[in-house]
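Working notes, structure below.
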Amino acid sequence: MNRLIRILAIQLIVFFAVVSYSSAQSLSSPGIRFEIGIDDEGRLALVDTEINILKEHQSYSIEVGIGMFSGSYRTGTQTTASAFQNRTSIIAVALVANLLYHHAPVSPAYFVMGVGAGPVWVKWRKVRRPAGFPYYILEAVDRDDATTAGIIFNIGAGYRFFEWADLRLQGRSFAIIGAPGEAPSTIPIVTLSLGLRW
C-alpha cells in the first residue's frame, strides 16, 4: 500500500509538471487515463492510471506516457484431497507508447496498438483448501516475491465522444521477466478505460 501511494504521488507530480511544461511551450495536449480490467474468468484484475502527451497528425496520433498498473491474477488446480490456487499480485510502472490509427477530428472511432516496459513488483502465493472445507478456509503452502521487469502489449479500439474525452477497449498482455515461484510469465487482461485531455 505504501508503495502504491508513493508511485501515485510521483505520477501526480509528473502530471502537473507535464501540464505546466506543455502549456508554457505550446506543445501537444496532455491527458490522463483511468482503466480497469478483467481476467479470463471475469474477475477484476487490473486498475491503471496513466498520464500522457498526444501528438496528432493528419490520420494518426502518437501517445506517449507513464502508467501505474496494480492488479492480481489467480489460477487453480484440483486434486482429490485439496484445491490449490496460485495468487499473483503485481505493481508496475511503465513507459508506454501507443499508435492511434485513424485518430482524426472527422473520425471519432479509431484503432490503437502499443507497447510499454518498466519495473514490476511481483508477489506470489500458493494456497490450499482441503477438500470438504469452505472456500474461505485456506492454508499457505508456498510464497515468493520479486522485483523484476515487464513488457506490456496492447491492441484495441477507441471512440472519441468529445475532443477532450474518449473510451477505449483493449486487450493487454503483461509479460513478466523472471516471474517468481509459479507465478505466470504472461497475464492476459481485457480493459476498459476513460481518457480526459486538456
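The values are calculated or read from the model by the stated rules, or taken from the named source; none is laboratory data. Quantities reported herein were computed from a predicted structural model and do not represent experimental measurements. Methodologically, a virtual Cβ is constructed for each residue, glycine included, from the backbone with ideal geometry; neighbour enumeration extends over all protein chains shown.
The table that follows gives values for the structure above.
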| quantity | calculated |
| --- | --- |
| Every pair of residues 6+ apart whose Cβ atoms lie under 7 Å, when the first sits in the range 133-155 and is over 30 Å from GLY67 (Cβ atoms) and charged (D, E, K, R) while the second is outside any strand (DSSP E or B) and at pLDDT below 95 | ASP142/GLY181 |
| Some residue of the range 171-178 being in a loop (DSSP other than H, G, I, E, B) and either touching a strand residue (DSSP E or B) at 6+ places or on another chain (Cβ under 9 Å) or not hydroxyl-bearing (Ser, Thr, Tyr) (or both) | yes |
